[in-house]
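First the structure, in the form of structure tokens, and then the observations on it.
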Amino acid sequence: MTEAGFLPFARPDIDAATIAAVSDVLASGWITTGPQVQAFEARLSELFGGRPVRAFANGTATMEVALRLAGIGAGDEVITTPVTWVATANVIVSVGARPVFVEVDPRTRNLDLAAVEAAITPRTRALMPVYLAGLPVDMDRLYAIARRRGLRVIEDAAQAIDSRWRAARIGSFGDLVSFSFQANKNITCAEGGCLVMNTPAEAERAERLRLQGVVRTGLDGMDVEVPGGKSNLSDVHAAIGLGQLQRLKQITQRRAELAQQYFDAVAAADLPSLGIELPAPTDAGGATTNWHMFQVLLPTDRLAGGRAAVMQALRDAGIGTGVHYPAVHLFTYYRQLGWRDGTLPQAERIGRSILTLPLFPAMRSSDVERVCQTLAATCKRLLT
Ligand SMILES: *Cc1c(COP(=O)(O)O)cnc(C)c1O
């Protein structure tokens with residue numbers, strides 16, 4: 001970022017070789033699902049220890065297909081977190097099931113697994129954890145609950161590419177694991193997603209569901225047993241993903257470096273003394289985040305003008321921030337399903353006070369310092 005330039009909270013970084021590869025695809029005469037998608041799926045499968053992987057047009061379609069693969073539909077309950085992108089809850093609704101929101105742990109901002117266990121009813125069919133900012137939950141405990149209670153797990157790992165639980169990469173173990181390659185994610189296809197599955201049979205069903213349910217036999221045979229949607233990835237997008245995958249290790253390393261610089265700069269600017277809460281550290285009891293985001297909690301209720309005033313002041317200083325996320329259960333649609341204020345106080349407090357600070361590989365250390373100093377000065381000015 002130039003001194004004069006605006007510092008966004010996220011910025012994709014597509015290298016020249018990838019741009020050339022995309023041009024080649026565009027000139028090749030085959031631009032939709034084809035050899036690039038196959039190669040992308042093969043590389044992803046390698047990354048996830050050989051498990052079957054299929055690519056999709058986006059991470060929302062990926063999760064919806066995962067729910068369908070698990071046979072989840074009308075009358076079923078799926079337990080999830082309210083501190084997520086609304087896609088997580090929307091896909092549960094779109095297959096006809098009911099999202100059951102439970103409280104989060106204020107330190108990790110992820111599902112509180114004791115609350116998950118307490119929310120299980122005879123109608124519960126699946127658990128849908130989200131790894132906010134790339135930080136996994138306690139995966140041993142999650143799968144112990146699922147096994148003991150006979151539940152499927154659909155991991156919304158949209159933000160967690162290259163995150164780890166102990167030594168294992170998220171996606172290399174577990175049940176159905178969904179990733180997103182939307183533009184702001186650590187690696188991107190512009191838009192895209194992938195689903196990691198258990199068996200080749202599941203992968204075959206997923207392939208049908210992503211393209212109308214069509215099954216072809218021979219040169220002219222076609223049938224549909226289960227109607228599917230239209231969520232195949234194009235070769236143009238897959239070429240971007242292939243280029244990004246090659247740089248995954250560097251991207252994760254750079255993000256970890258920047259996060260460490262944030263912890264140092266935050267301490268130097270004395271943010272905690274202003275009532276600003278920091279994210280859990282990189283290695284939090286077995287979970288290693290990929291630093292998809294660096295998020296603080298503001299003392300919102302004590303700030304004149306609240307969070308919006310902080311965001312405006314930062315924007316005026318050339319710094320972009322984001323809100324990931326307002327608590328989903330308080331959106332109008334979910335209120336209509338019966339969810340109310342005050343029922344999930346930690347999630348609601350996080351939804352009101354969370355702020356995503358700029359973090360992307362091309363950022364400089366001086367940007368990190370400037371963000372923390374500006375945030376400190378702004379909060380000092382607005383604290384009442
Ligand atoms: C990005 C994201 C999604 C959805 O992915 P898309 O590719 O945008 O459809 C779902 N859940 C979470 C937590 C996300 O961050």
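Any read-out appearing in this document is the output of simple, stated calculations on the displayed coordinates, not a laboratory observation. All figures in this text were calculated on a predicted structure; none of them were measured in a lab. Using ideal geometry, Cβ is built from the backbone for each residue, glycine included, and neighbour counts are taken over all protein chains shown.
Report the full-extension gain for the segment ALA144 to TRP30: residue separation times 0.36 nm, less the Cα-Cα distance, to one decimal in nm. Provide the component values of the computation, followed by the final result.
On the way: separation 114, 0.36 × 114 = 41.04 nm, distance 4.53 nm.
Gain in length upon complete extension: 36.5 nm.
Of the candidates SER172, SER231, SER28, which one comes out as most mobile in a Gaussian network treatment of the chain with C-alpha springs shorter than 10 Å?
Residue with maximal mean-square fluctuation among SER172, SER231, SER28: SER28.
Would you mind ranking ARG109, ARG302, ARG68 so that the residue whose beta carbon has the fewest other beta carbons within 10 Å leads the list? Each step should come with its number before you reach the end.
Working: ARG109 25, ARG302 13, ARG68 19.
Ranked by crowding around the Cβ, least crowded first: ARG302, ARG68, ARG109.
Quick one: if you take sqrt(5λ) for each eigenvalue of the C-alpha gyration tensor of region 129-221, what semi-axes come out, biggest first, whole angstrom? All intermediate terms of the calculation are to be shown ahead of the outcome.
Numbers: eigenvalues 151, 73, 19 Å².
They are 27, 19, 10 Å, listed largest first.
Round to the nearest 10 and give me the degree value, 0 to 90, for the angle of helix 59-69's Cα axis relative to the longest principal axis of the chain.
Computed tilt is about 50 degrees.
Quick check: the distance between the Cα centres of region 95-132 and region 248-298, to the nearest angstrom?
Using only Cα atoms to place each centre, the spacing works out to 25 Å.
When N counts the residues of region 237-352, how does its alpha-carbon radius of gyration compare numerically with 2.2 N^0.38 Å, as a ratio?
In units of the 2.2 N^0.38 Å rule of thumb, it is 1.32.
If you take every DSSP beta bridge fully contained in the chain, what fraction is antiparallel? Give it as a percent rounded to 5. Could the numbers behind the result be given before it?
Values: 27 of 43 bridges.
Once the DSSP bridges in the chain are tallied, antiparallel ones form about 65 percent.
Given region 167-308 reduced to its alpha-carbon atoms as identical point scatterers, what log10 I(q)/I(0) does the Debye formula return at q = 0.15, 0.17, 0.21, 0.22 Å⁻¹?
Evaluating at q = 0.15, 0.17, 0.21, 0.22 Å⁻¹ gives log10 I(q)/I(0) of -0.95, -1.08, -1.32, -1.37.
Rounded to whole Å and ordered largest first, report the semi-axes of the equivalent ellipsoid of the chain derived from its Cα gyration tensor (root of 5λ).
Numbers: eigenvalues 243, 145, 62 Å².
Taking √(5λ) for each Cα gyration eigenvalue gives 35, 27, 18 Å.
Report ³J(HN,Hα) in whole Hz for each residue of region 214-224, in order, from the Karplus equation J = 6.51 cos²θ - 1.76 cosθ + 1.60 where θ = phi - 60°; Gly and Pro get x.
Going residue by residue, I get 6, 10, 9, 9, x, 7, 10, x, 9, 8, 10 Hz, with x marking Gly and Pro.
Pick from ILE19, ILE31, ILE120 the residue whose mean-square fluctuation is largest in a GNM of the chain, springs joining Cα atoms under 10 Å.
ILE19
Any chance you could list the semi-axes, whole Å, largest first, of the equivalent ellipsoid that the Cα gyration tensor gives for region 65-168, using √(5λ)?
So the three semi-axes of region 65-168 are 20, 15, 13 Å.
Using a Gaussian network model of the chain whose springs link C-alpha atoms within less than 10 Å, name the residue from SER45, SER180, SER273 with the highest mean-square fluctuation.
SER273
With just the Cα atoms defining each centre, how far is region 331-384 from region 140-219? Give it in Å.
Measuring centre to centre over Cα atoms gives 28 Å.
Only Cα pairs under 8 Å and at least 6 apart count here; give the relative contact order of the chain as a rounded whole percent. Walk me through the numbers before you get to the answer.
On the way: 778 pairs, mean separation 87.6, N = 384.
For the chain, the relative contact order is 23 percent.
Counting only helical runs of four or more DSSP H residues, what would the 222 nm mean residue ellipticity of the chain come to if each run contributes -39,500 (n - 2.57) and the total is spread over all its residues? Each step should come with its number before you reach the end.
Working: 13 runs with 147 residues, N = 384.
Rounded to the nearest 500, it is -11500 deg cm²/dmol.
Going by how many other Cβ atoms sit within 10 Å of their own, how do ASP301, ASP76 line up, fewest first?
Values: ASP301 12, ASP76 18.
Ranked by crowding around the Cβ, least crowded first: ASP301, ASP76.
Hey, fewest Cβ within 10 Å first, where do VAL371, VAL65 land in order? Show your work: numbers first, answer last.
Values: VAL371 26, VAL65 29.
So the ranking, lowest neighbour count to highest, is VAL371, VAL65.
What are the lysines whose alpha-carbon lies under 23 Å from the alpha-carbon of LYS249, with same-chain residues fewer than 8 places away excluded?
LYS185
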